[in-house]
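Written below as structure tokens is the structure these notes are about.
FYI, it's all coordinate maths here, none of it is from the lab. Just so it is clear, the model here is predicted, and its values are computed rather than measured. Glycine also receives a Cβ, built like all others from the backbone with ideal geometry; neighbour counts cover every protein chain displayed.
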Amino acid sequence: MSSIDIELPLTVPRRLSWIVHCSENLERDILYSNSVAVHVRRGDFVQNKSCFDLCSMEYYQKAIDEVVTKSGLKKDELKFFMFSDDESYVKSTFDLPNMVIVKGQSAGNEMYLMSNAKYNITANSTFSFWAAMLNRKPELAVIPKYFVRSGGLLYKFDAPDGWCSVDNLI
């Protein structure tokens, strides 16, 4: 299968002026811990497999390994904040130390919270990609190598400076 490289203009403003009404404890926990925002998108991707590939558990494990390696921290020293449209899948599939499933937040609040984590692991989703882009002080962001397929082609994004891309077609 062929792939196409896409370069993005990275002139994104780094400051947000959001008025957000989310749990102050959750926000504080993300801001003052070794937080990893993990986005697991399923929803419409489950129904539309011809265009979107779900990121596999192998992708997430490799992404977590990248964060552990590059942060110099042990997995149990990190706090994993799971953002997903499929809470039951996350509960049944992920077994991480210090795992918090974020629920009951608006999409805007979720993006805000993800953008404040020290580390971001995105799905092949523009939502989590932008949350990572809007992060003012990321230590590391891990993105899938391929975002979408169309007409037999895979569309690949090169990771911005300081980010890491991991093969999600395992």
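For this structure, a couple of remarks:
- Among the listed pairs Lys70/Lys156; Lys74/Lys103; Lys79/Lys118; Lys74/Lys118, those with a Cα-Cα distance over 18 Å are Lys70/Lys156; Lys74/Lys103.
- Taking amide H as placed 1.01 Å from N in the peptide plane, the amide H of Asp158 sits under 5 Å from that of Ile6, each at least 5 places away or on another chain.
- With a Förster radius of 22 Å applied to the beta-carbon distance between Asp161 and Leu73, the computed FRET efficiency rounds to 0.50.
- Computed over segment 76-120, the P(r) tail beyond 13 angstrom holds 56 percent of alpha carbon pairs.
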